Each structure stands twice: as structure tokens, then as C-alpha cells.
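Contents: one structure, followed by commentary.
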Amino acid sequence: MKRSIYIITLYILFILPACNTTTSQQQPAKPIATDSYQCMPCGSSCDKEEYKTAGECTHCKMPLVNKSTINFKTIESGAICNYIAAHPNAVLLDVRTKEEFDGKATPNFGTLKNAINLPIQELENKLETLKTLKDKEIIVYCSHSHRSPRAAYMLMQNGFSNVSNLAGGMSVMQDSTCKK
Ligand SMILES: [Zn+2]
Ligand SMILES: [Zn+2]
């Protein structure tokens, strides 16, 4: 009698839980997560909101894009000068106006040494002029990182393979060693 109680106890403690585990493993896999959408990267706080369907951002009216297509990298402003020194072949792309790039706009946040300038307004039509850079690393920036995330997104969407955005833009740059 004692022995059978012992066996039943063993059964409850060890065999049953093991069976449950097996059962749950045999259940069908959870459905894969559905697509999620977010505001076209524009550097505003609305970029962080998620939507279940495509459409436009309820805050800034930019088109929503599939979150999985946003795959450019981010470089923090405190790290950018060291990063450039370690990646001397990276192309520095200033997407502000020519006046801003030339330091003739007020306020003047300066620009980076050896940068090239292609304003965001012209970027889409002039992508062809950048085609030799498709496989190069490109670091995009502006003044406050409001224009550059959109430019970085556009480049990745058009086959540029390695694009980073400078977080915060020139306005938050403390390190002047890589400034022009
Ligand atoms: Zn946005
Ligand atoms: Zn938005």
C-alpha cells in the first residue's frame, strides 16, 4: 500500500509535468507577428509610435512605412569624430541647404571635414549622381537629425547598403576635431 502511494506521488510530481511539457511542444506555433508601421523616419517623437496598418502619421502626416524596412544605423554625436577616424573611407553626406553647408545660414552649426553636400530636397532626383557610392559606408547628417533620417531611409530604400545617421545632427556636436 505504502509503495503504491509512493508510485502515485512520483507520477504526480514527475511524470505528469513531463507529459504537459510534451503536449505544449506539440501545439501549433504561435502565428507570426503581423507587420507594424511607423512614421517615415523624420526625427520627431511620432517616429516612435506604432501602427497596425499603412497610412499616414496622425501627427505629422508623413506616410507610414513598414517598420522592418527601417534599417539604417545610428551614430551618436559624441562618438562621431572617433568613428570617422576609424572609418576614413566613410562618405560624409550633409543633406542641408548649400547655405547651411557653406556656413552662411544663421545659426551656423558648421559642418564636417571632407563632407559632400546634397540637400534633401534634391536627393531623390539626384540619387543617380551618388550611384558609385552604393557599396560605400555613408554617414548622413543635418542640423537636428530631422532631415537626415529621411535621407538615410531613402538611400537604403534605393539600394545603398551601408547607411548611418548622425543622431542629433551638427547642433549637438561637442567634439570639434572632425568639424570643418
Ligand atoms: Zn516621422
Ligand atoms: Zn510623424
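Laboratory data are not the source of any read-out in this text; all were calculated from the coordinates shown. The structure presented is a predicted model; accordingly, all values stated were derived computationally and were not measured. Every residue, glycine as well, gets a Cβ built from its backbone with ideal geometry; the counts of neighbours run over all protein chains shown.
Quick notes on this one:
- Each other residue within a Cβ distance under 13 Å of residue 75 adds +1 if Lys or Arg and -1 if Asp or Glu, for a net charge of -2.
- Summary of packing: across the peptides 136-148, 38-50, 158-170, the per-residue average of other C-beta atoms within 10 Å ranks them, highest first, as 136-148, 158-170, 38-50.
- Nonlocal amide H pairs with residue 137, under 5 Å, H built at 1.01 Å: 91
- Estimated FRET transfer efficiency when R0 is 22 angstrom, pair residue 106-residue 176 (beta carbons, to 0.05): 0.70
- Residue 79-residue 34 FRET efficiency (beta carbon distance; Förster radius 22 Å; 0.05 resolution): 0.05
- Listed values for the stretch 164-172 are Karplus-derived 3J(HN,Hα) couplings in whole Hz (6.51 cos²θ - 1.76 cosθ + 1.60, θ = phi - 60°), namely 10, 10, 7, 4, x, x, 4, 5, 10, and x replaces Gly and Pro.
- Global form of the stretch 71-172, assessed from the alpha-carbon gyration tensor, a/c cut-off 1.5: oblate
- Rounded to the nearest Hz, the phi-derived 3J(HN,Hα) couplings of the stretch 131-148 under the Karplus curve 6.51 cos²θ - 1.76 cosθ + 1.60 (θ = phi - 60°) are 4, 6, 9, 4, 9, 8, 7, 10, 10, 9, 8, 9, 8, 10, 6, 9, 8, 5, where x marks glycine and proline.
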